[in-house]
1. Between residue 9 and residue 79, what is the label-point separation in nm under the 7 Å Cα-to-beta-carbon projection?
2. Can you pull the one-decimal nm distance between simple spin-label points at residue 55 and residue 41, each 7 Å off the Cα toward Cβ?
3. So how much slack lies between residue 18 and residue 32, counting 0.36 nm per residue of separation and subtracting their Cα-Cα distance, in nm?
Amino acid sequence: MIKAHFCPQCGNPLQSADVDGQFRPRCDAAGCGYVHWDNPVPVVAAIVEMDGAVILARKPSLAGAYVRPDHRLSGKGKRRMRQFCGKCRKSWA
């Protein structure tokens, strides 16, 4: 968990405030309102181009994947497309 003390947007000190039923570090500077959620979710996504066209996924889960802490980012998108795109799988041997 990352301890945040200052707002990354405006530099003012963060204050503990009730946000959606939980106390979170929040910037109370006028016009800012930054909330430190502390829930980083590393993901990888891919845009697949084949024969001059872009392949679009109908299900959002096919277009990207969460990256677990014990996985590397390099190659994750390619592996994901291999899993879910049969036509791509053959051409990405």
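Coordinate-derived values only; no laboratory data. From a predicted model like this one, the values you see are computed outputs, not experimental measurements. Here the Cβ positions follow ideal geometry from the backbone for every residue, glycine too, while neighbour counts run over all protein chains shown.
1. Taking the simple label geometry, residue 79 and residue 9 are separated by 3.5 nm.
2. The two pseudo-label positions are separated by 2.4 nm.
3. Numbers: separation 14, 0.36 × 14 = 5.04 nm, distance 1.61 nm.
That works out to 3.4 nm of additional length.
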